[in-house]
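*Asks:* Got a structure for you, written out below as structure tokens; questions coming shortly.
The values are calculated or read from the model by the stated rules, or taken from the named source; none is laboratory data. Bear in mind the structure is a predicted one, so any value in this text is a computation, not a measurement. For neighbour counting, all protein chains shown are included, and Cβ atoms are generated from backbone atoms with ideal geometry for every residue, glycine included. Heavy atoms of the whole protein, side chains included, go into the accessibility calculation; ligands, DNA and RNA do not. Shrake-Rupley method; radii C 1.70, N 1.55, O 1.52, S 1.80 Å.
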Amino acid sequence: MDLGINGRTAIVCAASKGLGRACAMQLAKEGVNVVISARTKADIEATAEEIRKAANVKVIAIACDVTTEEGRKMILAACPNPDILINNAGGPPPGDFKDFSLDDWRKAVEWNMITPIALIKATVYGMMDRKFGRILNITSQSVKAPIASLELSNGARAGLTGAVAVIARKAVRNNVTINNILPGPFETDRLTGSTRKAAEMQGIAFEKAMENRKANVPAGRFGQPAEFGAAAAFLCSSQAGFITGQNLLLDGGIFQGAL
Ligand code: NAP
């Protein structure tokens, strides 16, 4: 299927690795020019080069922290009128409710709720004027089913989901959609890093810890970033204009709900 977005421009945040990178790569393969960002300059420039090799599109790499106002200004200066916005950033650290300070909560809300809201506010009205826009927030399966060790993430991401529910339904009249994609376990640096830590804490081999995690996935495997990128690209397509305010769970069947 031709997604009908050839020649459009996308901002993809936190995109040197993992899920953000996969979204940028797939959009570029669909002919979308991409403005990608991450904090580590060498990594984001290397990813930009890989995308240029894979697709004949314009790629701008910006080294910045998207959770800061300065970082967001840099991204918007490079691309003030995107057709597509993919919100993403690192997730908050794991821990226990009793140990989190109020500043930990403020940071989580700043990273995973305020940051996407700020970028949506800066771009959605221009998209509505131009009668095309696709906004995706990369959140987490924890929005549907909270994860015990990730209370900071559970709270901030559920907050974002509620915060965009109304604007998602206002913007759609002008062919602008806002949706959330909820990853389950995808094989990225974040997943291998957190599994390595868990293995150390449990005193078991990393490979064993990966097998244990996989055993909980009905699909019998982890998701691959390219699968995530493909789903994201479809939600950004011209055909997806009737899908808004939704939460698309990509978790290999982990969430045990019929609806
Ligand atoms: P990843 O492989 O660790 O990649 C994270 C990417 O984000 C890197 O490019 C990183 O580059 C960039 N980044 C992180 N913080 C940033 C910041 N403040 N400003 C700009 N760029 C930033 O992670 P991932 O697995 O793709 O996860 C992406 C998001 O999905 C995270 O919020 C994660 O919590 C969530 N998630 C992932 C999974 C999973 O299984 N993978 C499951 C549920 C939810 P720099 O470090 O150089 O900035």
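*Asks:* With every protein chain present, what is the per residue accessible area of the chain (1.4 Å probe, Å²)?
*Replies:* 49
*Asks:* In whole Hz, with x marking every Gly and Pro, tabulate ³J(HN,Hα) for the stretch 99-114 from phi via Karplus 6.51 cos²θ - 1.76 cosθ + 1.60, θ = phi - 60°.
*Replies:* 8, 6, 7, 5, 5, 4, 5, 4, 4, 4, 5, 5, 6, 9, 10, 5
*Asks:* Could you compute how much accessible surface E30 exposes when probed at 1.4 Å, giving the result in Å² to the nearest 10?
*Replies:* 50
*Asks:* Can you give me the angle between helix 69-78 and the longest principal axis of the chain, using Cα atoms only, in degrees from 0 to 90, rounded to the nearest 10?
*Replies:* Taking Cα atoms only, the helix is inclined about 40 degrees.
*Asks:* Once you place label points 7 Å from the Cα toward the Cβ at M1 and A63, how far apart are they in nm?
*Replies:* According to this spin-label approximation, the distance is 3.9 nm.
*Asks:* Turning to a different aspect of this structure: Would you kindly state how much longer the chain becomes between Q202 and Q246 on full extension, computed as 0.36 nm times their sequence separation minus their alpha carbon distance, in nm to one decimal?
*Replies:* 12.1 nm
*Asks:* To continue, here is another question. Search the structure for amide H atoms under 5 Å from the amide H of G223, placed 1.01 Å from N in the peptide plane, and list their residues when 5 or more places away or on another chain.
*Replies:* Those qualifying (amide H under 5 Å, at least 5 residues apart or on another chain) are F186, E187.
*Asks:* What nm value, rounded to one decimal, do you get for the distance between V217 and K131 when each label is placed 7 Å out toward the C-beta?
*Replies:* Rounded to a tenth, the inter-label distance reads 4.2 nm.
*Asks:* Roughly speaking, what is the stretch gain from N174 to E227, that is 0.36 nm per residue apart minus the C-alpha to C-alpha distance, in nm to one decimal?
*Replies:* 16.2 nm
*Asks:* Okay, moving on. In straight Cα distance, which lysines are under 22 Å from K41, not counting same-chain residues fewer than 8 positions off?
*Replies:* Cross-link targets: K17, K53, K58, K73.
*Asks:* Another question, then. If the cut-off is 20 Å between C-alpha atoms, which lysines fall inside it for K170, apart from same-chain ones fewer than 8 positions away?
*Replies:* Candidates past the 8-residue exclusion: K121, K131.
*Asks:* Follow-up question, since we're still on this one. May I ask for the angle, rounded to the nearest 10°, between helix 18-29 and the longest principal axis of the chain, with both axes built from Cα atoms and the value confined to 0 to 90°?
*Replies:* 30
*Asks:* While we're looking at this one, here's another question. Can you list the HN-Hα couplings for the stretch 209-216, worked out from phi with the Karplus curve (6.51, -1.76, 1.60; θ = phi - 60°), rounded to whole Hz and with x for Gly and Pro?
*Replies:* Running phi through 6.51 cos²θ - 1.76 cosθ + 1.60 with θ = phi - 60° gives 5, 5, 4, 4, 5, 5, 4, 7 Hz.
*Asks:* Would you kindly state how much longer the chain becomes between F97 and A77 on full extension, computed as 0.36 nm times their sequence separation minus their alpha carbon distance, in nm to one decimal?
*Replies:* Values: separation 20, 0.36 × 20 = 7.20 nm, distance 3.83 nm.
This chain segment gains 3.4 nm when fully extended.
*Asks:* Once you've got the GNM for the chain with C-alpha springs shorter than 10 Å, pick whichever of D83, D43, D189 has the biggest mean-square fluctuation.
*Replies:* Checking each option, the largest mean-square fluctuation is seen for D189.
*Asks:* With the full set of protein chains in place, find how many percent of the accessible area of the stretch 110-195 is carbon and sulfur; take the probe as 1.4 Å.
*Replies:* After summing per-atom areas, the C and S share lands at 58 percent.
*Asks:* What ³J(HN,Hα) values, in whole Hz, does the Karplus curve 6.51 cos²θ - 1.76 cosθ + 1.60 give for the stretch 31-39 when θ = phi - 60°, with x put for Gly and Pro?
*Replies:* Calculated HN-Hα couplings, in order: x, 8, 6, 10, 10, 10, 9, 6, 6 Hz.
*Asks:* Measure nothing but the geometry: give the 0 to 90° angle between the long axis through the Cα atoms of 225-235 and the longest principal axis through the Cα atoms of the chain, rounded to 10°.
*Replies:* Its long axis makes an angle of about 40 degrees.
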